[in-house]
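Computed from the coordinates by the stated procedures, all read-outs in this text should not be read as laboratory data. As the structure is a computational prediction, the values presented were derived from the model and not from experiment. Reconstructed Cβ throughout: ideal geometry from the backbone, glycine too, with neighbour counts over all protein chains shown.
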Amino acid sequence: MERIPNLKICYDRVIPMKYNSAEFKLNQMREDALLKHTGAKSVREAFSDLDSSKSVPPSHMALINAKAWPKGASLKCRFLDGSSVQQNKVIQKAKIWENYANIHLDFVTTTDEQVRISFQADDGSWSAIGQDALDKDYFPKDQPTMNFGWLKDDTDDQEYERVVVHEFGHALGCIHEHQSPTEHLQWNKEAVYAQFSGPPNNWTKEEIDQNILEKYSKNGTTETLFDKASIMLYQFPAELFLNHVGTPLNTHLSTKDEKFIAQMYPKF
């Protein structure tokens with residue numbers, strides 16, 4: 001198979017299991033979201049009128065998906081670099097998620113952020129998955145948790161929306177649609193290995209398996225039926241599939257994306 005030049009997709013920055021530890025910060029964000037919603041000055045005050053015979057509202061007590069943020073939380077994002085044009089375009093596109101998800105993306109200059117954004121890393125575009133961004137062992141405070149490797153001042157608006165909305169989908173805890181447990185794409189593995197082992201990805205077989213071919217388990221994930229229109233699905237050419245049916249170029253949230261994220265981050 002002849003390789004397709006300049007096929008750009010992002011990759012998952014998956015943290016090894018031994019690093020998982022962010023419970024204190026997540027609990028703090030849950031409390032902040034609860035106080036913002038109720039107007040109370042403390043968690044005790046917020047729950048002072050609960051009837052002990054009734055259940056605590058699920059949004060306050062349920063075990064949320066491991067990498068998702070608390071519903072209603074303010075996710076603070078800080079730029080490490082980038083021009084004013086790049087930064088403004090990212091802010092505009094990232095905030096599209098706020099139209100559907102009960103979460104707030106606040107772009108700050110303080111150092112109490114959860115998401116750090118760069119345009120300089122030369123290893124493509126990528127993002128930490130949800131609360132993995134809090135892990136300082138894997139994502140040190142002076143390094144990005146999200147990178148836009150090919151977005152420049154003169155990159156067209158459609159490409160900004162495609163890439164930024166996609167990466168912030170990862171930041172909210174979403175995985176690639178082609179790795180969904182409900183995906184049944186007919187990959188031509190030989191062609192996939194040939195394509196992604198060369199530039200611009202230059203991945204090893206293990207990295208190709210991890211980022212393209214392997215699917216997530218249903219355990220610990222929530223998903224819709226496979227959505228070919230999802231912003232979390234990349235455009236893959238027909239040459240990479242045994243049935244010669246590729247995936248489309250998706251540049252904005254699909255209807256299923258909008259409904260799904262509203263379910264994952266519902267109103268209180």
Problem - Residues Gln263 and Ile91, FRET efficiency given R0 of 25 Å [Cβ-Cβ distance, rounded to 0.05] - result: 0.50
Problem - Cross-link pairs Lys189/Lys259; Lys141/Lys256; Lys95/Lys152; Lys67/Lys136; Lys95/Lys267 - those with Cα-Cα distance over 23 Å - result: Lys189/Lys259; Lys141/Lys256
Fill in the blank from the handout: Inter-part gap, Cα centre of the stretch 243-259 to Cα centre of the stretch 81-136, in whole angstrom, is 23
Completion exercise
Taking R0 as 41 Å and r as the Cβ-Cβ distance between Lys141 and Ala194, the FRET efficiency 1/(1 + (r/R0)^6), rounded to the nearest 0.05, comes to 0.60
Problem - Zero-based 10 Å bins, Cα pair distances in the stretch 148-203, whole percents - result: 18, 33, 43, 6
